[in-house]
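Here is the structure we will look at, set down as structure tokens.
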Protein chains: 2
Amino acid sequence: MKFSVKILGCSSATPTKHRNPSAQVVTMGDKMFLIDCGEGTQMQLRKYGVKFQRIEHIFISHLHGDHYLGLAGLLFTMHLFGRSAALHVYGNSVLMDILRLQLEVSATTLVYPLVFHALEPEKATVLWEDELIRISSFPLVHRVPTHGFRFEEKHELLHLNRERIEKLHIPFGELARIKRGGDYVDSHGKLHANASLTLKREAPKVFAYCSDTAYSREIVPHVAGADLLYHETTFMHDMAATAAEKQHSTTRQAAEIALEAQAKKLLIGHFSARYDDLMPLLEETRGVFERTELAEEGESYEV
Amino acid sequence: MKFSVKILGCSSATPTKHRNPSAQVVTMGDKMFLIDCGEGTQMQLRKYGVKFQRIEHIFISHLHGDHYLGLAGLLFTMHLFGRSAALHVYGNSVLMDILRLQLEVSATTLVYPLVFHALEPEKATVLWEDELIRISSFPLVHRVPTHGFRFEEKHELLHLNRERIEKLHIPFGELARIKRGGDYVDSHGKLHANASLTLKREAPKVFAYCSDTAYSREIVPHVAGADLLYHETTFMHDMAATAAEKQHSTTRQAAEIALEAQAKKLLIGHFSARYDDLMPLLEETRGVFERTELAEEGESYEV
């Protein structure tokens with residue numbers, strides 16, 4: 001299935017003239033998920049032509065302003081545009097307290113159901129799944145409770161070999177069982193092994209999101225084997241002391257996590273406003289982990 | 001003194017591709033004031049080169065999202081940039097409850113003093129004044145408690161006639177008294193009348209801000225004689241019924257208020273997202289009140 005990440009913002013702490021605060025849209029098949037929602041996210045969604053009413057799940061990593069201050073505005077706009085589908089928001093429980101005050105004081109009763117899910121602070125948790133997708137959170141190491149997110153294809157269903165299915169006239173009612181790995185016995189009693197009825201599945205793909213976090217090897221198992229790992233690199237490595245103090249990561253630290261997790265590709269972002277030119281960050285990260293890309297606003301990255 | 005208004009946003013309810021939510025900067029002499037602070041205001045301040053750390057007073061008309069959702073981000077950015085001067089915020093008391101939660105949950109202790117002033121819902125109130133400037137609020141008519149603001153030059157001080165002052169060698173210590181209207185007796189006992197030492201003062205200028213509000217004649221005395229009146233015109237007049245229902249104003253209603261208040265100039269804004277082309281709104285308003293301008297983002301308007 002289609003599986004990609006579109007960057008809407010990759011600035012840390014404060015926006016700059018050319019970079020917006022954190023937000024990204026993950027597309028998996030026909031579903032879209034929003035991770036973080038910094039100030040201006042609704043304008044970025046419009047600018048880059050994302051049909052934001054299709055988003056049904058929003059994941060907020062933590063309650064530093066640059067990761068959630070655009071959420072209320074987006075919720076109000078969804079309301080004003082007459083949304084009907086439920087919206088699920090996952091975040092620190094205080095986020096719902098803030099939203100509740102904002103709704104009350106503006107005398108707003110949302111025209112769609114808002115379902116809030118408080119994140120568990122200390123443990124990895126499956127937040128949502130369907131037949132094809134599983135999304136979970138895991139703890140990061142930051143100055144306030146912060147979560148990373150892991151988006152996985154489940155691929156527990158096999159793809160049918162349509163040509164064989166049609167040739168054998170297998171009834172529709174049998175297909176779900178075959179997708180789950182079952183064989184098929186036809187009306188003459190002949191057994192058709194599952195392998196002859198289905199296509200080889202690809203390995204399920206994984207995207208993992210780590211922002212904001214200090215360097216910590218405890219993150220590694222949660223992002224292990226990611227096809228695409230987004231990891232913050234607020235600073236270059238000469239600022240490792242500042243990074244440690246502020247509980248952020250440097251270029252080389254992000255690359256170390258990607259190496260240890262055996263990630264296939266690394267996407268770096270959450271850049272400090274001090275860096276106008278991001279090429280030195282990219283080069284420094286590639287010095288440790290070659291398959292690195294810079295997050296650029298408006299760009300999509302295949303998982 | 002310099003007295004002007006710079007528009008940072010003039011969209012109603014939701015931002016559009018080309019218009020941001022409400023915010024404007026009033027400059028009076030060496031002081032800058034911010035009125036309303038919709039989402040993205042900190043980006044707009046940067047985009048238009050406003051030195052935002054010079055702002056010491058922020059006035060929030062009401063707690064609909066398009067008028068205040070950018071405030072928290074601006075306060076955090078002022079903090080991260082090491083502001084030291086006190087910041088005064090005027091608004092509905094619930095605004096401080098929201099900000100308090102946002103500060104607590106992000107473990108932020110602001111490095112500058114934040115002084116919150118709750119607005120009185122029902123009466124006109126002087127909010128701040130110094131020797132030269134007076135700022136007051138007055139009630140508007142909207143779905144939630146909403147305030148307009150009036151910025152006035154006081155001009156209680158006269159301008160000195162520098163040429164005469166220098167010629168007579170009047171000592172510095174006498175000048176403050178002369179500015180307040182006093183005469184001067186020189187060392188020979190000769191009296192110099194105040195009128196010979198000062199320049200004729202101009203009539204003090206007034207800017208008034210009305211957003212959001214239903215049409216109401218009760219507003220007129222509060223904006224009377226404004227040199228520049230900003231009045232919302234969310235809708236064209238064919239939508240007067242919708243305007244009344246949502247407690248907003250139309251083009252002609254804004255013009256009527258300007259006429260009745262004997263304003264010198266009218267600036268219209270807070271346009272519904274349904275209008276791409278704003279010229280019909282301008283023409284309809286000018287049909288009733290000729291001296292009307294459209295609020296355009298990034299533009300400054302002399303008071």
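The values are calculated or read from the model by the stated rules, or taken from the named source; none is laboratory data. This one's a predicted model, so the numbers in the text were calculated from it and none came from an experiment. As a convention, Cβ positions derive from the backbone with ideal geometry for all residues, glycine included, and neighbour counts pool all protein chains shown.
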- [ ] Name every residue in the stretch B:25-49 that is among the hydrophobic types (A, V, I, L, M, F, W, C) and farther than 19 Å from B:H67 by Cα, in order of residue number.
- [x] B:M28
- [ ] Pick out the one residue from B:A224, B:A208 that is crowded, with 19+ Cβ neighbours inside 10 Å and either closer than 20 Å to B:L266 by Cβ or assigned by TED's automatic domain parsing to the domain that holds B:M28 (or both).
- [x] B:A208
Open item on the list: Quick check on the stretch A:129-145: of everything there that is in contact with a helix residue (DSSP H, G or I) (Cβ under 9 Å, 6 or more places away or on another chain) and among the β-branched types (V, I, T), which residue is nearest to A:R201 (Cα to Cα)?
Closed with: A:V141
Open item on the list: List the residue pairs whose Cβ atoms are under 6 Å apart, where the first residue sits in the stretch B:262-287 and is in contact (Cβ under 8 Å) with a residue 24 or more places away in the chain, the second is of a type in the set (F, W, Y), and the two are 6 or more positions apart or on different chains.
Closed with: B:L266/B:F289; B:L267/B:Y230; B:L267/B:Y301; B:S272/B:F235
Open item on the list: For the stretch A:174-183: of the residues being farther than 11 Å from A:L160 by Cβ and without any contact (Cβ under 8 Å) to a residue 24 or more places away in the chain, which is nearest to the chain's Cα centre (by Cα)?
Closed with: A:G181
Open item on the list: For the stretch A:98-114, give me the residue count where each residue is more than 7 Å from chain B (Cβ to nearest Cβ), aliphatic (A, V, I, L, M) and within 21 Å of B:E104 (Cβ to Cβ).
Closed with: 2
Task: Candidates A:E218, A:E293, filtered to the one that is in a helix (DSSP H, G or I) and among the acidic types (D, E) - done: A:E218
Open item on the list: If the requirement is being buried (at least 20 other Cβ atoms within 10 Å of the Cβ), free of Cβ contacts under 8 Å to residues at least 40 places away in the same chain and hydrophobic (A, V, I, L, M, F, W, C), which of these qualifies: B:I7, B:I35, B:I55?
Closed with: B:I55
- [ ] Just one of (1) surrounded by fewer than 19 Cβ atoms within 10 Å (Cβ to Cβ); (2) at negative phi; (3) more than 11 Å from every other protein chain (Cβ to nearest Cβ); (4) not aliphatic (A, V, I, L, M) trips up B:T16, so point out which.
- [x] (3)
- [ ] Would you be able to say whether some residue in the stretch B:250-265 is in contact with a Ser or Thr (Cβ under 6 Å, 6 or more places away or on another chain), within 22 Å of B:G9 (Cα to Cα) and surrounded by fewer than 24 Cβ atoms within 10 Å (Cβ to Cβ)?
- [x] no
- [ ] Identify the residue in the stretch B:58-94 that is farther than 21 Å from A:T41 by Cβ and at the interface with chain A (Cβ under 8 Å from one of its Cβ atoms) and, among all such residues, is surrounded by the most Cβ atoms within 10 Å (Cβ to Cβ).
- [x] B:N92
- [ ] Please enumerate the residues belonging to the stretch B:178-205 that are part of a helix (DSSP H, G or I) and touching a helix residue (DSSP H, G or I) at 6+ places or on another chain (Cβ under 9 Å).
- [x] B:I178, B:N194, B:S196, B:L197
TODO: May I ask you to say which residue of B:A208, B:A254, B:A243 is assigned to a strand (DSSP E or B) and either more than 23 Å from B:R150 (Cβ to Cβ) or hydrophobic (A, V, I, L, M, F, W, C) (or both)?
DONE: B:A208
- [ ] Report yes if some residue within the stretch B:20-32 is surrounded by fewer than 21 Cβ atoms within 10 Å (Cβ to Cβ) and small (G, A, S); otherwise report no.
- [x] yes
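Of all residues being among the polar types (S, T, N, Q) and either touching an Asp or Glu at 6+ places or on another chain (Cβ under 9 Å) or assigned to a loop (DSSP other than H, G, I, E, B) (or both) in the stretch A:114-146, which is nearest to A:L95 (Cα to Cα)? Just the residue, please.
First, the residues of the stretch A:114-146 that are among the polar types (S, T, N, Q): A:125, A:136-137, A:146.
If we keep only those that are either touching an Asp or Glu at 6+ places or on another chain (Cβ under 9 Å) or assigned to a loop (DSSP other than H, G, I, E, B) (or both) too, we end up with A:136-137, A:146.
Values: A:S136: 19, A:S137: 17, A:T146: 13 Å.
The qualifying residue nearest to A:L95 (Cα to Cα) is A:T146.
Would you check if A:D186 is among the charged types (D, E, K, R), assigned by TED's automatic domain parsing to the domain that holds A:T250 and touching a residue at least 12 places away in the same chain (Cβ under 8 Å)? Step through it out loud before you land on a result.
Details: among the charged types (D, E, K, R): yes; assigned by TED's automatic domain parsing to the domain that holds A:T250: no; touching a residue at least 12 places away in the same chain (Cβ under 8 Å): yes.
Spelling it out, it is not the case that A:D186 is among the charged types (D, E, K, R), assigned by TED's automatic domain parsing to the domain that holds A:T250 and touching a residue at least 12 places away in the same chain (Cβ under 8 Å).
Given the condition free of Cβ contacts under 8 Å to residues at least 12 places away in the same chain, buried (at least 21 other Cβ atoms within 10 Å of the Cβ) and at the interface with chain A (Cβ under 8 Å from one of its Cβ atoms), answer yes or no: does some residue in the stretch B:40-49 qualify? Give the steps one after another, and end with the answer.
Of the stretch B:40-49, the ones free of Cβ contacts under 8 Å to residues at least 12 places away in the same chain are B:43, B:46, B:49.
Among the residues that remain, those that are also buried (at least 21 other Cβ atoms within 10 Å of the Cβ) are: B:43.
From what's left, at the interface with chain A (Cβ under 8 Å from one of its Cβ atoms): B:43.
Yes, because at least one residue in the stretch B:40-49 is free of Cβ contacts under 8 Å to residues at least 12 places away in the same chain, buried (at least 21 other Cβ atoms within 10 Å of the Cβ) and at the interface with chain A (Cβ under 8 Å from one of its Cβ atoms).
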TODO: Only residues that are touching a Ser or Thr at 6+ places or on another chain (Cβ under 7 Å) and surrounded by fewer than 24 Cβ atoms within 10 Å (Cβ to Cβ): list them for the stretch B:227-242, please.
DONE: B:M236, B:H237, B:M239, B:A240
Task: Set B:D36, B:D66: member being within 23 Å of B:V303 (Cβ to Cβ), among the acidic types (D, E) and in the same structural domain as B:V141 (by TED's automatic domain parsing) - done: B:D36
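From B:L267, B:L199, which residue is under 27 Å from B:H155 (Cα atoms), of a type outside the set (F, W, Y) and within 15 Å of the chain's Cα centre (by Cα)? Steps first, answer last, please.
On the way: B:L199 fails: within 15 Å of the chain's Cα centre (by Cα).
From the options B:L267, B:L199, the qualifying one is B:L267.
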TODO: Go through the stretch A:19-35 and give me each residue that's modelled with pLDDT of 95 or more and away from chain B (no Cβ under 14 Å).
DONE: A:Q24, A:V25, A:V26, A:T27, A:M28, A:K31, A:M32, A:F33, A:L34, A:I35
Task: Checking B:Y275 against (1) hydroxyl-bearing (S, T, Y); (2) under 25 Å from B:K6 (Cβ atoms); (3) assigned to a helix (DSSP H, G or I), the condition it does not meet - done: (3)
TODO: Considering only the stretch B:146-165, state which residues are closer than 30 Å to B:K200 by Cα and among the polar types (S, T, N, Q).
DONE: B:N161
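Would you pick out the residues in the stretch A:147-169 that are surrounded by 14 or more Cβ atoms within 10 Å (Cβ to Cβ) and either part of a strand (DSSP E or B) or modelled with pLDDT of 95 or more (or both)?
Pass one, the stretch A:147-169, residues surrounded by 14 or more Cβ atoms within 10 Å (Cβ to Cβ): A:147-153, A:155, A:157-158, A:160-161, A:164-165, A:168.
Within the stretch A:147-169, A:H147, A:G148, A:F149, A:R150, A:F151, A:E152, A:E153, A:L160 qualify.
Quick check, is A:T125 free of Cβ contacts under 8 Å to residues at least 24 places away in the same chain, more than 17 Å from A:M78 (Cβ to Cβ) and surrounded by fewer than 17 Cβ atoms within 10 Å (Cβ to Cβ)? Break it down into steps so the answer makes sense when it comes.
Working: free of Cβ contacts under 8 Å to residues at least 24 places away in the same chain: yes; more than 17 Å from A:M78 (Cβ to Cβ): yes; surrounded by fewer than 17 Cβ atoms within 10 Å (Cβ to Cβ): yes.
The answer is yes for A:T125.
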TODO: Filter the stretch B:231-249 for residues that are over 22 Å from B:K17 (Cβ atoms) and under 21 Å from the mean Cα position of the chain (by Cα) and give the result.
DONE: B:H231, B:S249
